[in-house]
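Here's the structure we're looking at; comments come further down.
The values are calculated or read from the model by the stated rules, or taken from the named source; none is laboratory data. Not measured: the values here are computed from a predicted model. Cβ: placed from backbone, ideal geometry, glycine included. Neighbour counts: every protein chain shown. Remember, those area values only see protein heavy atoms, side chains included, never the ligands or the DNA or RNA. Shrake-Rupley method; radii C 1.70, N 1.55, O 1.52, S 1.80 Å.
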Amino acid sequence: MYARFFKRPLDFFCALAAIICLSPVLVVLTILGAIKMKGNPFFTQPRPGLNEKIFKLIKFRTMTNEKDANGNLLPDDVRLNAYGKFLRSTSLDELPELFNILKGDMAVIGPRPLLVEYLPRYNSEQKHRHDVRPGLSGLAQVNGRNAITWEQKFKYDVEYVNNVTFFGDVKIILTTLKKAVKREGISGANGEATMTAFMGTPEPEQKVANG
């Protein structure tokens, strides 16, 4: 009942309240971002949401658009400057997603919205992560975030989808705040600046009945 009737209204009011309360922070980060990133402080990208419907995710930019002599973007770890690292380590880069929640593209809690190109790479079980709206934080984020494998993340995502409750969401919110303060799980599983790309997971083997 919570997931069907109450979760979306609560998400809307929580996002609206957060935007109002954090408006000074949003303004300051927008100005700083324009200076530090030498241009547009926002990063937008198509992401799949509920039922794989594509929406435009908005975040604060954490990497510059620096290119090499041939016009190709430099590696992520080079473009991720000190300001970008600060935004990521504090999760402040995620704040503009409050507007995605307000619009209805996202929820406060749910599986994180990933790249559109990953859609055909999910196996049949992993696809269920799109049965709910993606979230600003989720069960995977409080159980390792970028420090666990893709397969582990998706297991947490599907576990969340199958067990959406009010108290479960509250617990994830409180744990997220705690981890944001401690800056845990920011790096990839192997310590890289960003998580390695998800290349796909085979379908689980079907057990064949004897006889």
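Once you list every other residue whose beta carbon is under 15 Å from the beta carbon of Pro9, what net charge do they have if Lys and Arg are +1 and Asp and Glu are -1?
+3
How much of the accessible area of segment 29-111, in percent, comes from carbon and sulfur atoms when a 1.4 Å probe is used? Spell out each step's value before the answer.
Details: 2400 of 4210 Å².
Ligands and nucleic acids excluded, carbon and sulfur reach 57 percent.
Taking Thr64, Thr30, Thr201 in turn, the Gaussian network model of the chain (Cα-Cα springs below 10 Å) assigns the largest fluctuation to Thr201.
Counting Lys +1, Arg +1, Asp -1, Glu -1, what net charge surrounds Pro113 among other residues with beta carbon under 12 Å of its beta carbon? Let's see the in-between values first.
Details: positive: Arg47, Lys53, Lys56, Lys59, Arg112, Arg129, Arg133; negative: Glu52, Glu94, Glu97, Asp105, Asp157.
Overall, the nearby charge balance is +2.
In the structure shown, the pairs Lys7/Lys178; Lys36/Lys178; Lys56/Lys85; Lys7/Lys56; Lys38/Lys127; Lys7/Lys67 are assessed against 32 Å; a Cα-Cα span above that value is assigned to Lys38/Lys127; Lys7/Lys67. Placing a label point 7 Å from the Cα of Leu10 along the Cα-to-Cβ direction, the residues of segment 144-170 whose backbone N falls under 16 Å from that point are 160-170. Among Ala197, Ala107, Ala15, the residue with the largest mean-square fluctuation in a Gaussian network model of the chain, with springs joining Cα atoms closer than 10 Å, is Ala197. Pairs of Cα atoms nearer than 8 Å and 6+ residues apart set the relative contact order; for segment 1-137 it is 27 percent. With all projection directions averaged, the alpha carbon convex hull of segment 25-79 covers 5.2 nm². The charge dipole of segment 1-139, taken about the Cα centre with unit charges on the Cβ atoms of Lys, Arg (+1) and Asp, Glu (-1), comes to about 220 debye, rounded to the nearest 20.
Let me check I've understood the local charge: for Lys103, count other residues with C-beta under 15 angstrom from its C-beta, Lys and Arg +1, Asp and Glu -1. What total comes out?
Its environment carries a net charge of +3.
Residue-wise HN-Hα couplings along segment 53-66, as the Karplus relation 6.51 cos²θ - 1.76 cosθ + 1.60 with θ = phi - 60° gives them from phi, are 6, 7, 9, 9, 6, 10, 9, 6, 5, 10, 10, 6, 9, 4 Hz; Gly and Pro carry x. Only aspartates and glutamates eight or more places from Lys59 in sequence, or on another chain, were considered; those with a Cα closer than 17 Å are Asp76, Asp93, Glu94, Glu97, Asp105.
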